[in-house]
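Down below is the structure, laid out as structure tokens.
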Amino acid sequence: MIRIMRLGQVRHAAPAAASGGDFGGRVFYAVLLAAALLVPLLNLAVPESSALHLSTYTVTLLGKYMSYALLAIAVDLVWGYCGILTLGHTAFFALGGYAMGMYMMRQIGSRGVYGDPLLPDFMVFLNWKALPWYWHGFDSFAFALPMILLAPGLLALAFGWFAFRSRVTGVYLSIITQALTYALMLAFFRNEMGFGGNNGLTDFKDLLGFDLHRDSTRVGLFLVSAGALGLGYAACRHIAASRFGRVVQAIRDAESRTRFIGYRVENYKLWLFVFSAVLAGIAGALYVPQVGIINPGEFAPINSIEVVIWVAVGGRNTLYGAVLGAVLVNFAKTWLTAALPEVWLYALGALFVVVTVFLPQGIVGFLRQRLGAGS
Amino acid sequence: MNQASVRATTGRLQQPYRRLLRRRGSALRADDLDASHGTILYLEDITVSFDGFKALNALTLYVDAGELRCIIGPNGAGKTTMMDVITGKTRPDHGSAWFGQTIDLLALDEPEIAQSGIGRKFQRPTVFENHSVFENLELAMAGDRSPWKLLAAKLSGEQRDSIEQTLQLVGLKDRSGARAGSLSHGQKQWLEIGMLLMQRPRLLLVDEPVAGMTPQETERTAELLLSLAGERSVIVVEHDMDFVRSIARTVTVLHEGSVLAEGTIDQVQNDPRVVEVYLGE
């Protein structure tokens with residue numbers, strides 16, 4: 001833990017200004033654009049018999065990776081740029097997911113197993129007579145969309161307001177972010193909370209009128225996820241390159257010094273933390289329709305730790321490194337959990353150790369070093 | 001001096017009014033400073049104790065506008081604690097601290113004090129190592145510090161000029177784009193002084209500026225500090241007596257948390273009490 005805390009502050013190859021070149025960012029945009037063009041083509045236009053055909057399963061998998069990548073840049077923004085090692089970011093991811101899930105639950109309408117026009121199946125099963133007040137409005141996407149942003153944003157605002165004002169930093173902050181997501185997990189497990197308890201929300205039928213089981217909807221979701229990732233990346237890059245971003249990195253490197261030159265450190269951290277939480281919420285909202293379920297397991301602390309590992313593997317403080325890490329580690333996870341399911345957690349742990357010890361700057365840092373040495 | 005203490009006493013009486021008038025957190029500017037009575041800093045009867053140990057013991061000290069003041073004293077005399085009180089890092093148990101006629105330092109927190117026009121240079125150079133020299137000065141530059149403003153802020157030509165001028169003044173013009181972490185020890189100290197200047201302070205607190213410097217660097221630092229006084233007040237805490245001799249007009253000797261002697265360097269060095277404290281035991 002201590003070691004990884006320090007990682008956020010290690011020396012960087014170039015001054016912050018040098019990121020203006022942003023070669024990795026251009027590669028990222030190019031790959032994203034290529035994927036956005038090729039994936040729909042290979043899935044929809046190439047016949048299934050062809051070897052080039054991309055299965056809908058793979059499209060959905062890639063779409064899921066896109067939402068994970070968005071979550072990863074949200075974590076990189078607070079950890080890599082501001083040194084806030086959050087171990088609870090999937091709380092925001094899950095809240096965005098639940099908001100989206102609630103909308104899709106209401107869209108099921110009378111097509112549920114019990115055929116109740118108003119109540120979702122799990123409420124009928126629990127013998128509830130009326131929709132809880134906080135479920136009202138979720139039948140409209142115009143209401144659900146702001147909720148996807150507000151639910152994680154407001155939680156981050158309240159949490160960050162207390163944490164940063166009390167100057168909780170370092171390991172202590174990491175621990176309370178863990179506690180936050182753990183508490184939410186326990187709360188959402190309770191049936192009385194009205195979010196489907198253990199089983200969560202599932203059995204979704206459609207989204208904005210598009211049938212979720214159709215290939216074209218899957219491709220559409222992939223495209224929206226890729227678009228959100230591109231925009232999210234651009235927004236984070238803008239923030240990082242602004243004067244705001246330089247203050248944030250100054251806070252990471254020397255917090256009390258930054259305070260002494262007159263910056264309200266807690267306001268900067270709070271702003272960044274809330275923005276990052278909203279990004280994570282959007283990622284969660286894109287994730288849920290693609291995997292078809294959201295349950296309290298998404299709040300599990302281990303998930304948040306996994307996100308930090310993605311970012312560490314790819315390379316902190318670069319944004320595109322976070323994307324790379326998210327995609328690579330999840331690809332490995334998809335493959336390993338199918339081939340050797342019992343090995344995955346050990347592999348993840350080993351990966352973390354190897355990266356921490358041998359690749360403190362992640363894959364991107366390693367490549368940079370290699371390229372730098374070569375030229 | 002007499003007039004000053006009278007002034008500060010009336011200031012103390014008005015304190016509740018002022019607290020009412022000024023909303024906490026509202027931006028203070030260096031322009032709010034009123035040093036019209038010729039004194040910029042009033043410390044009166046300041047006591048700070050840590051677990052019964054009195055780091056400062058009824059310390060009373062006045063600094064004039066434009067003055068370059070050296071503070072010397074053996075280890076544990078309370079020099080750093082005094083700086084901590086002025087910059088808001090430590091709250092005294094007792095006493096009053098006024099910046100000019102109108103600013104009650106004890107009612108403000110660290111960022112507010114920094115924005116009101118007091119800059120501090122720490123003992124160890126703490127520049128932002130991963131930022132370039134230019135960016136370090138930009139970070140320190142006086143101006144709006146709200147997150148929303150800085151998201152879209154672009155440097156104006158005037159701001160760029162002021163950074164360039166400061167680079168020139170501290171002799172780092174040709175290192176503008178270099179990573180601050182790659183500077184030599186002496187250059188980091190100058191960069192830090194440059195960062196202080198960017199905040200356009202009216203009072204500069206400088207803690208051991210020449211510790212670990214080469215003789216040439218020390219000489220340049222002396223010139224730099226001398227050129228800074230006048231337009232602003234400078235308080236230098238230093239151990240190196242040769243250095244103090246080369247810059248000081250007035251020297252204050254601290255001992256066990258209060259002022260032992262004050263005067264020119266020769267007066268102070270010939271004062272038997274000072275000799276005893278420094279060489280005595």
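None of the figures in this text is laboratory data; all of them are computed from the coordinates on show. Quick caveat, the model's predicted, so the values are computed rather than measured. Cβ atoms come from the backbone with ideal geometry, glycine included; neighbour counts cover every protein chain shown.
Data for the structure
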item	result
Sum of -39500 (n - 2.57) over DSSP H runs of 4+, divided by residues of the protein assembly as shown (222 nm, nearest 500)	-17500 deg cm²/dmol
Equivalent-ellipsoid semi-axes of the range B:2-280, from the Cα gyration tensor, Å, largest first	30, 26, 16
Residue among B:ASP109, B:ASP144, B:ASP271 with the largest mean-square fluctuation in a Gaussian network model of chain B, springs linking Cα atoms under 10 Å	B:ASP144
Length-normalised contact order for chain A - Cα pairs under 8 Å, 6+ apart - percent	31 percent
Most mobile listed residue (B:GLU164, B:GLU208, B:GLU238) in chain B, GNM with C-alpha springs under 10 Å	B:GLU164
Residue mean of other protein chain beta carbons inside 10 Å, A:246-252	5
Two-site FRET efficiency, A:ALA339 against A:VAL291, from Cβ-Cβ distance with R₀ of 25 Å, rounded to 0.05	0.80
Ratio Rg/Rh [Cα only; Rh per Kirkwood] for the range A:2-311	1.00
For the range B:232-281 versus the range B:123-200, the gap between their alpha-carbon centres in whole angstrom	32 Å
Length-normalised contact order of the range A:64-144 in % [C-alpha pairs under 8 Å, at least 6 apart]	20 percent
Per-q log10 I(q)/I(0), the protein assembly as shown, q = 0.05, 0.08 Å⁻¹ (Debye; single scatterer per alpha-carbon; no solvent)	-0.31, -0.71
Candidates A:GLY115, A:GLY197, A:GLY314, ranked by Gaussian network fluctuation over chain A, Cα under 10 Å, top entry	A:GLY115
Peptide-level mean, for A:234-243, of C-beta atoms on other protein chains within 10 Å	2
Student exercise, the range A:2-311 dipole from Lys, Arg, Asp, Glu Cβ charges, in Debye to nearest 20	1220 debye
Length-normalised contact order for chain B - Cα pairs under 8 Å, 6+ apart - percent	25 percent
Of B:LYS54/B:LYS79; A:LYS64/A:LYS205; B:LYS89/B:LYS173; B:LYS89/B:LYS188; A:LYS129/A:LYS205, pairs whose Cα-Cα distance is over 21 Å	B:LYS89/B:LYS173; B:LYS89/B:LYS188; A:LYS129/A:LYS205
15 Å beta-carbon shell around A:SER225, net charge (K/R +1, D/E -1)	+2
